[in-house]
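Colleague: Okay, here's the structure, questions in a sec.
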Amino acid sequence: SFQNEINEVPFFDVQLPYELALKIFRYLGRAELGRCAQVSRTWKILAEDEVLWYRLCQEEGYLLDMSISDHSCWKLALKNCRARERTLKYNWKNRIGAVSQLRYELGKVLCDVHSWDGVVIAGYTSGEVRLWDTRTWDYTAPILEAVQGPGDAGPRPHVSFVRINSSLAVAAHEDGTVSVWTLLLGREPIHHYQHNQKIQALALGPEGAAVATAAGFEVKVETPDDRGFWHTTATFEIQKLVNFLNLVPDVTGSPVAVAAAEDIVYLLKAEDPGKILHSVYGQPVTCLDVSAHEAAFGIKTFGWLLNEPNQILLYNLETNQCLTKVGNSIGDFTCVNLHDSPPHMLVAGNKDRRVRVFDLRRGESVCSLYAHQLGVSAVQMDDWKVVSGGEEGLVCVWDQRMGTKLWEMHARHPVRHVWFNSHTLITANIPEERNPRGSSSADDDPAVHRKYRGIIYSYEFSGEQLAGDSVLPICRSSYDELTGYSYNIGLAVPYDSI
């Protein structure tokens with residue numbers, strides 16, 4: 001009631017209209033608004049205006065999908081968001097949280113893992129594809145059924161690649177078949193197509209419904225039309241075998257792909273099919289990542305030119321120009337992450353055991369972390385931390401500004417997938433050897449399979465669900481198998497981790 005009576009706000013020796021005073025207060029931060037609220041009763045009402053605190057909340061990146069009417073007190077909302085962020089940061093640094101293994105049946109070896117926003121997809125040597133939704137405590141999601149042809153009575157071919165985004169899940173098998181499922185319906189694929197040769201690369205954008213695959217000397221892009229019928233949008237002929245393939249995110253119109261084939265990087269657009277972005281004879285590409293406007297890739301120089309060791313090149317996808325070259329390393333760059341990194345930053349892993357963070361504006365390394373004995377295989381960073389995985393099976397979490405390791409975790413196989421957001425970390429250790437077949441007597445030995453099958457971990461650091469409250473993995477075991485190995489039990493401390 002008092003607020004409604006304020007038409008004029010005393011501003012030193014003048015009286016200003018409320019709206020005008022509010023515009024002045026818009027330029028103040030949290031601390032200044034707090035000080036102004038102590039000046040007088042009218043200034044307090046003004047400094048606690050919902051519009052000001054809503055704008056502050058949005059500027060700091062909290063509750064971006066909410067409108068001003070969704071909260072009655074935006075000052076309190078901002079305070080709660082900041083407190084939760086502090087708790088999460090503390091939990092990350094001190095490894096406080098619940099860890100779970102995303103388990104699967106005995107005798108299946110893990111082939112590939114991918115995740116999007118906490119939903120994990122995994123493909124196995126049995127040909128099966130499995131989903132987990134780690135955002136719910138009981139971690140269940142449907143098994144995705146493959147299309148069964150009339151002659152498919154025998155064992156299905158291994159899964160070569162899996163990818164997932166906000167709406168689709170895709171799997172490519174060893175025999176060149178590709179299946180696409182929608183996450184809303186699951187189980188039956190909504191689209192299925194075939195390559196004549198083994199698939200070398202599979203790409204799915206973070207949003208949208210375009211799938212790209214490379215097999216032989218051909219890259220295919222498949223998309224649905226307005227009525228939901230899938231068809232081949234574009235086919236590109238390439239001179240060499242593709243090693244890396246990415247779809248460019250946030251593209252309006254027909255999809256755009258970036259493909260690295262040995263020492264050539266192609267920009268594949270329907271209207272300009274053979275566009276070569278970069279090509280230096282005898283300098284193969286060792287890793288690739290793509291954001292909405294840029295592509296970053298590592299090149300190997302073989303040391304012919306001693307003044308130019310291995311580097312990462314950054315290209316603008318609109319102008320097709322090289323923006324910068326970073327990193328001068330003796331080892332090959334094995335992984336690079338551009339699209340998850342903060343603006344103007346990039347993180348890369350190298351065979352020389354180091355994880356490097358680069359500032360692309362200055363074109364130099366701001367942080368170099370000595371990490372993995374056998375080389376780095378997966379990296380991701382945000383504004384304060386770096387998570388890296390190595391060929392020796394170690395996952396490390398680093399404080400980027402301090403350049404120090406916060407904690408690490410080891411599993412048997414190389415780390416092939418690392419993904420995190422503010423409160424969840426997902427890692428996958430995938431065996432190099434897909435067929436752990438020793439002597440015939442060991443064929444069905446569960447111990448052999450357990451040793452080789454690979455492992456997926458999910459960490460939850462949110463303040464609401466701490467280790468004390470979480471359901472132990474042993475309590476989540478289904479016990480629905482007829483044969484009673486002790487291996488079937490989801491032990492809280494699995495043998496592999498002791």
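Colleague: For the modelled label position 7 Å from the Cα of Asn435 along Cα-to-Cβ, which residues of segment 187-227 have backbone nitrogen atoms closer than 20 Å?
Modeller: The answer is 197-200.
Colleague: Ok, one more. Using the heavy atoms of the protein chains and a 1.4 angstrom probe, tell me the accessible area per residue for segment 154-303 in square angstrom. It would help to have the intermediate numbers written out before the result.
Modeller: Details: 6300 Å² over 150 residues.
Normalised by residue count, the accessible surface of segment 154-303 is 42 Å².
Colleague: Can I ask one more? Starting at 0 and stepping by 5 Å, how many percent of the alpha carbon pairs of segment 18-92 end up in each bin?
Modeller: Each 5 Å bin holds this share of Cα pairs: 3, 15, 25, 22, 17, 10, 4, 2, 1.
Colleague: Separate question: Using the Karplus curve 6.51 cos²θ - 1.76 cosθ + 1.60 with θ = phi - 60°, what ³J(HN,Hα) values do you get for each residue of segment 57-69, in whole Hz, with x for Gly and Pro?
Modeller: Taking θ as phi minus 60°, the curve returns 4, 5, 5, 8, x, 9, 6, 5, 8, 9, 9, 5, 7 Hz for segment 57-69.
Colleague: What FRET efficiency do you get for Asp272 and Arg401 if R0 is 41 Å and r is their Cβ-Cβ distance, rounded to the nearest 0.05? Don't jump to the answer; show the numbers that get you there.
Modeller: Details: r = 42 Å, r/R0 = 1.03.
With R0 = 41 Å, the Cβ-Cβ based efficiency is 0.45.
Colleague: For Trp230, what residues show an amide H to amide H distance below 5 Å, using hydrogens built from the backbone and excluding near sequence neighbours?
Modeller: So Trp230 has HN proximity to Asp225.
Colleague: Determine, for each peptide in 110-116, 23-29, 97-103, the mean count of other beta carbons within 10 angstrom over its residues, then list the peptides with the highest first. Write out the running numbers ahead of the final one.
Modeller: Values: 110-116: 23.6, 23-29: 12.3, 97-103: 19.1.
Result, highest mean Cβ count within 10 Å first: 110-116, 97-103, 23-29.
Colleague: For segment 265-336, which GluC sites (Glu not before Pro) are in a loop by DSSP, counting at most 16 other Cβ atoms within 10 Å?
Modeller: Details: sites: Glu271, Glu294, Glu318; in loops: Glu271, Glu318.
Qualifying residues, ordered by number: Glu271, Glu318.
Colleague: Tell me the label-point distance for the pair Leu22, Ser67, using the 7 Å Cα-to-Cβ offset, in nm and rounded to one decimal.
Modeller: 1.7 nm
Colleague: Further, regarding this structure: Between Lys451 and Arg95, take the C-beta separation as r, use R0 = 30 Å, and let me know the FRET efficiency to the nearest 0.05. Mind dumping the intermediate values first?
Modeller: Numbers: r = 26 Å, r/R0 = 0.87.
Working from the Cβ atoms, E equals 0.70.
Colleague: With contacts defined as alpha carbon pairs under 8 Å and 6 or more residues apart, what's the relative contact order of segment 300-375 in percent? All intermediate terms of the calculation are to be shown ahead of the outcome.
Modeller: Working: 143 pairs, mean separation 16.0, N = 76.
Here the relative contact order equals 21 percent.
Colleague: Expected output is a single nm value to one decimal: the length gained when fully extending between Gln239 and Asp175, i.e. 0.36 nm times separation in residues minus the C-alpha distance. What is it? Walk me through the numbers on the way to the answer.
Modeller: Values: separation 64, 0.36 × 64 = 23.04 nm, distance 2.22 nm.
Residue separation times 0.36 nm, minus the Cα-Cα distance, leaves 20.8 nm.
Colleague: While we're here: Given labels modelled 7 Å from the Cα in the Cβ direction, how far is it in nm from Ser368 to Arg30?
Modeller: In this crude label model, Ser368 to Arg30 measures out at 3.7 nm.
Colleague: Once you sort the root eigenvalues of the Cα gyration tensor of segment 273-377 as a ≥ b ≥ c, which label holds: rounded (a/c under 1.5), prolate (a/b larger than b/c) or oblate (the other case)? Could the numbers behind the result be given before it?
Modeller: On the way: a/c = 1.72, a/b = 1.18, b/c = 1.45.
Verdict is oblate for segment 273-377.
Colleague: Further, regarding this structure: Compute the accessible area per residue over segment 18-92, keeping the other protein chains in place, probe 1.4 Å, unit Å². Present the calculation step by step, with values, prior to reporting the outcome.
Modeller: Working: 4660 Å² over 75 residues.
Using a 1.4 Å probe on heavy atoms only, each residue of segment 18-92 averages 62 Å².
Colleague: Now a separate question. Work out from phi, with θ = phi - 60° and the Karplus expression 6.51 cos²θ - 1.76 cosθ + 1.60, the ³J(HN,Hα) of each residue of segment 32-42, listed in order in whole Hz, and give x for Gly and Pro.
Modeller: Those phi angles translate into 5, 5, x, 5, 5, 5, 8, 6, 7, 5, 5 Hz.
Colleague: Here's another thing I want to ask about it. Using a 1.4 Å probe over the heavy atoms of the protein chains, calculate the carbon and sulfur portion of the accessible area of segment 18-92 as a whole percent. Walk me through the numbers on the way to the answer.
Modeller: Values: 2520 of 4660 Å².
Here carbon and sulfur together make up 54 percent of the probe-accessible area.
Colleague: In addition: By how many nm would the segment from Ile190 to Phe302 grow when fully extended, if each residue of separation counts as 0.36 nm and the alpha-carbon distance is taken off?
Modeller: Numbers: separation 112, 0.36 × 112 = 40.32 nm, distance 4.51 nm.
So the chain would gain 35.8 nm between Ile190 and Phe302.
Colleague: Quick one: length gained pulling Ser422 to Asp133 fully straight, 0.36 nm per residue minus the C-alpha distance? Please list the in-between numbers first.
Modeller: Values: separation 289, 0.36 × 289 = 104.04 nm, distance 1.64 nm.
Extra length available between Ser422 and Asp133 comes to 102.4 nm.
Colleague: Applying 1/(1 + (r/R0)^6) with R0 = 25 Å to the Cβ-Cβ distance of Leu76 and Ala292, what FRET efficiency is obtained, to the nearest 0.05?
Modeller: Numbers: r = 35 Å, r/R0 = 1.41.
E(calc), rounded to 0.05, equals 0.10.
The values are calculated or read from the model by the stated rules, or taken from the named source; none is laboratory data. Not measured: the values here are computed from a predicted model. Here the Cβ is made from the backbone with ideal geometry for all residues, glycine too, and neighbour counts use every protein chain on show. Note: accessible area is taken over every heavy atom of the protein model, side chains too, but ligands, DNA and RNA are not part of it. Shrake-Rupley method; radii C 1.70, N 1.55, O 1.52, S 1.80 Å.
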